[in-house]
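A short worksheet on the structure shown next.
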Amino acid sequence: MRGGRHCALATVVTAVVIVSAVASAHRRDEFLLAARLDVEPGRVGLELDLTPGIAVAHATIADLDRNRDGVLSEEERRVYVSRVLDAVVLELDGSPLLLAPIASTFPGLHDFRRGEGTIRLRSTAVLPPQVDGDHQLSFRNTNQRGGSVYLANALAPTSDRVTITSQRRDITQRDLTIDYVLRRGSATAAPTWLAGVFAGLLVLSVLLWQRWKVV
């Protein structure tokens, strides 16, 4: 397992380097959409970074600032986040998952004009109960922008119950398939569970003792 986690970490580091390199190479005339997926036993987290180049900055600003007042309102941001997430298709073992936004950051419009603005979106999907064993998570980014460049990678799981066994992408990296194995909780969870039981027994004993004293 340790070797697998080291491999997963290396994948993440490589992904970060690739993202930086591609962002630099395509800053002027392309729109970079980088996705990172965090697979955990009960949820999947999705991080999306959207970086428009200088040549597409005007179109991006027009897409964001619908009333053309030069300021991004909360409603304009909410609508944009909703449109971006609606264009993401996420499935677990062939069944669709619902993504819910949890956080977003938007740079100033002047940052877009300099090719330095990145929109960062965070969302999560709650997973249905899963049996132990092999599972498959499918991600598809259907957001379409002129001159778009896509990246997609899985992050190293923080839970020792999840082991990613493979990642498969199409040539454009709009599609990513993650195969992983889900295992039962580790033995380290037992003391916590037992502590809860003992605490409950202690409370019950105190209550019974107090009742006996009254009698």
Suppose the filter is small (Gly, Ala, Ser), modelled with pLDDT under 95 and touching a helix residue (DSSP H, G or I) at 6+ places or on another chain (Cβ under 9 Å); does ALA34 pass it? no
Counted residues in the stretch 126-148 being surrounded by fewer than 19 Cβ atoms within 10 Å (Cβ to Cβ) and either in a strand (DSSP E or B) or outside the structural domain of VAL88 (by TED's automatic domain parsing) (or both) come to 8
Here the residues within the stretch 126-173 that are at pLDDT 95 or above and among the basic types (Lys, Arg) are ARG140, ARG161, ARG168, ARG169
By my count, strands (runs of 3 or more DSSP E) wholly in the stretch 42-110 with at least 2 residues that are without any contact (Cβ under 8 Å) to a residue 60 or more places away in the chain and touching a helix residue (DSSP H, G or I) at 6+ places or on another chain (Cβ under 9 Å) are 100-105
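The values are calculated or read from the model by the stated rules, or taken from the named source; none is laboratory data. Quick caveat, the model's predicted, so the values are computed rather than measured. Reconstructed Cβ throughout: ideal geometry from the backbone, glycine too, with neighbour counts over all protein chains shown.
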